[in-house]
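Down below is the structure, laid out as structure tokens.
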Amino acid sequence: MRSSNAFYSYSYLLLWFIFIGVCAFLAPYFANDYRYMLVEGTNDVVASVSEIFISQYRHYFDWGGRTIAHLFAQFLLFIGKPYNAIFTALCYLALVLGIYYHAYGIKPTLKNLKLFPLFFITAFLWICMRNFGEVVFNIVSSCNYLVTVVIIMYFLLPYRLSFCRDKIDSGTLAVIGMFTLGIIAGWSNENNSAAACAGTFLFCAYNYYHKKLTSWQLWGFIGLCVGFFILILAPGNEARLDSMEAKGFDYTSHLFVSLEIFFVSLATQILLIAAFILALYKIRSLYLQYAYPYQYYASLWLILIAFVSLAVMIVSPNFPARSAAPFTMFAIPGVLGLMDILYVRGEALLSVRLQKGIIVLASLFVFASGVSTAVGYTQAYSDNKIRQYEIKSQLDAKQDEIIVSPFSLKANKYIYLADVQHNEKYWTNLILKRYYKVDSIVRTCDFEKSPFINDLLFFAKIGKPCS
């Protein structure tokens with residue numbers, strides 16, 4: 001029976017690996033992908049690994065401090081498809097498994113994986129994660145959010161395991177390893193790293209108060225802070241802000257916009273938040289927090305990290321919707337950890353009939369929207385081949401003003417299309433203009449904008465392009 005369960009779990013993960021990998025392979029390159037194909041400060045395409053390091057050295061001073069994320073991005077763009085698609089699929093599975101390990105407080109293993117938690121994780125990632133297509137399938141955004149969260153999640157795993165154990169002493173290698181990994185994790189992404197710093201600070205402060213703090217815990221936190229300061233003190237951050245805010249940064253004017261995005265982001269997580277509130281209420285009503293304190297507080301710790309990763313964006317000069325993805329990634333193991341407390345005591349979050357109904361509905365939605373996404377990316381792949389032929393033909397004819405046809409589908413939650421616009425001054429147009437070394441590049445027309453945010457558009461809309 002156990003081997004049968006393992007077979008279903010492995011088969012389920014394999015299906016997601018294939019699906020993510022295929023969609024990542026079919027997804028065209030867009031906007032910042034072309035920017036990071038170039039050596040920073042030049043219009044030359046990256047031709048070697050050494051040029052990636054040169055590019056990121058310049059990038060640190062000219063554009064921003066996300067060196068770790070963008071090293072991954074430039075390397076993956078350098079090796080091209082299908083290799084970066086395989087990496088994306090593996091990274092997504094690493095995220096799913098990382099969430100699983102955090103939820104149950106277990107060491108990394110592929111043994112005895114349970115199917116229902118894997119379904120719970122993948123379903124909530126698919127349904128709740130903001131801008132799923134951009135965060136997972138777009139190379140640069142994926143490196144900024146998917147890859148960096150995976151790095152931070154596995155860095156935090158030893159701290160998560162320590163919730164369930166007595167004081168764990170460690171040797172010099174563990175101290176050096178955690179300090180080094182801490183620098184890498186802290187040097188990854190502003191909101192993810194800030195949330196990790198907050199979480200590890202509380203963890204270390206609590207253990208210090210109870211005389212349980214170990215060297216690896218302290219030095220891991222120190223490394224994390226060092227990496228975070230390297231990230232936020234990059235000269236390129238100021239240069240980037242100056243280019244975004246030509247008239248200077250006015251926090252007051254940004255505050256209301258940031259708050260709106262913050263609450264909209266929370267609204268998109270309503271299913272996950274509802275599950276958290278219900279699980280917390282049932283646990284406290286049954287006083288189970290006293291029976292399972294380590295699992296209880298570890299789960300709340302993960303929820304706190306999730307909330308901080310989103311809340312810190314309120315004070316950021318730029319609050320893109322995709323930056324809400326880490327909230328989903330860290331909240332899921334927190335909720336699943338609380339649900340495990342109920343499961344161990346034979347308590348259900350909802351009635352059996354209601355649970356089955358929700359599972360059926362979620363399965364149908366994931367399947368239908370997943371098929372639609374695969375069809376959409378297949379169409380995008382076909383459209384992109386036509387696009388590349390149009391560009392090549394005009395470049396061969398020595399034309400300096402490139403005109404391309406629009407894609408025949410629109411962007412949604414799962415399909416990322418940061419395409420060029422009819423306006424030659426649009427930011428994506430300027431990036432491709434630089435990449436192709438032409439005077440301008442535009443498309444023949446623009447689609448009418450949808451009144452709904454992408455997170456409310458779940459199915460591919462394929463039809464006649466605008467005219």
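The values are calculated or read from the model by the stated rules, or taken from the named source; none is laboratory data. From a predicted model like this one, the values you see are computed outputs, not experimental measurements. Cβ sites come from the backbone with ideal geometry, for glycine too, and all protein chains shown count toward neighbours. Just the protein is used for accessible areas: all its heavy atoms, side chains included, with ligands, DNA and RNA removed. Shrake-Rupley method; radii C 1.70, N 1.55, O 1.52, S 1.80 Å.
For Lys461, the lysines whose Cα comes closer than 18 Å to its Cα, not counting residues fewer than 8 places off in the same chain, are Lys410, Lys413, Lys449. Taking a straight Cα-Cα cut-off under 22 Å and skipping sequence neighbours fewer than 8 places away in the same chain, the lysines within cross-link reach of Lys356 are Lys114, Lys282. For Val404, the residues whose amide H sits under 5 Å from its own are Val442, Arg443, Thr444, ignoring neighbours fewer than 5 places away on the same chain, with H placed 1.01 Å from N.
Applying the Karplus relation 6.51 cos²θ - 1.76 cosθ + 1.60 with θ = phi - 60° to region 255-271 yields 3J(HN,Hα) values of 4, 5, 5, 4, 5, 4, 5, 4, 6, 5, 4, 4, 4, 6, 9, 4, 5 Hz, where x marks Gly and Pro. Reducing region 263-313 and region 436-467 to their Cα centroids gives an inter-centroid distance of 38 Å. In the chain, the longest principal axis of the Cα atoms and the axis of helix 215-232 are about 20 degrees apart.
Straight-line reach from Lys464: taking Cα to Cα under 19 Å and skipping same-chain neighbours fewer than 8 places apart, the aspartates and glutamates in range are Asp383, Glu390, Asp419, Asp446, Glu448. Counting only cysteine Cβ atoms and a cutoff under 4.7 Å, the chain contains unmatched residues Cys23, Cys91, Cys128, Cys143, Cys164, Cys197, Cys204, Cys225.
Relative contact order, whole percent, for the chain stands at 20, derived from Cα pairs under 8 Å and 6 or more residues apart. In degrees from 0 to 90, rounded to the nearest 10, what is the angle of the helix 235-244 Cα long axis to the longest principal axis of the chain? The answer is roughly 60 degrees. Only one residue of Gln394, Ala73, Ile176 has its Cα farthest out toward the positive end of the dipole of the chain, where Lys and Arg carry +1 and Asp and Glu -1 on Cβ, and that residue is Ile176.
Chymotrypsin sites (Phe, Trp or Tyr not before Pro) within region 364-467: which are DSSP loop residues with at most 11 other Cβ atoms inside 10 Å?
Phe452
Using just its DSSP H runs of length 4 or more, each adding -39500 (n - 2.57), the chain gives a mean residue ellipticity at 222 nm of -22000 deg cm²/dmol after division by all residues.
Direction-averaged shadow area of the convex hull around the Cα atoms of region 85-126, nm²? Each step should come with its number before you reach the end.
Numbers: hull surface 12.5 nm².
With every direction weighted equally, the projected area is 3.1 nm².
Evaluate the charge dipole of the chain about its Cα centre and quote only its size in Debye, nearest 20, assuming +1 on the Cβ of each Lys and Arg and -1 on the Cβ of each Asp and Glu. Display every interim value, and only then the final one.
Values: 36 positive and 27 negative charges, 310 e Å.
I would put it at about 1480 debye.
Its Kirkwood hydrodynamic radius, worked out from the mean inverse distance over all distinct Cα pairs, puts region 258-352 at 14.0 Å.
Solvent-accessible area per residue in the chain equals 47 Å², computed with a 1.4 angstrom probe and all protein chains kept.
Quick one: longest stretch of the chain between exposed loop trypsin sites (Lys or Arg not before Pro), exposed meaning at most 10 other C-beta atoms within 10 Å and loop per DSSP? Provide the component values of the computation, followed by the final result.
Numbers: sites that count: Lys111, Arg165, Lys211, Lys247, Lys398, Lys425, Lys437, Lys449.
Longest gap between qualifying sites, sites excluded: 248-397.
Note: relative contact order over region 117-242, using C-alpha pairs below 8 Å and six or more positions apart, is 28 percent. Each residue, Ile453 and Phe256, gets one label point 7 Å from its Cα in the Cβ direction; the gap between the two is 1.8 nm. Between region 1-79 and region 410-434, the alpha-carbon centres lie 19 Å apart.
Summing Lys, Arg as +1 and Asp, Glu as -1, what charge do residues with Cβ under 13 Å from the Cβ of Met313 carry, Met313 excluded?
Details: positive: Arg130, Arg322; negative: Glu190, Glu260.
Combined, the nearby Lys, Arg, Asp and Glu give 0.
Computed over protein heavy atoms with a 1.4 angstrom probe, the accessible surface ordering of Leu115, Leu110, largest first, is Leu110, Leu115.
Report, to the nearest whole %, how much of the accessible area of the chain belongs to carbon and sulfur atoms, 1.4 Å probe, protein only.
Values: 14640 of 22020 Å².
Carbon and sulfur together cover 66 percent of it.
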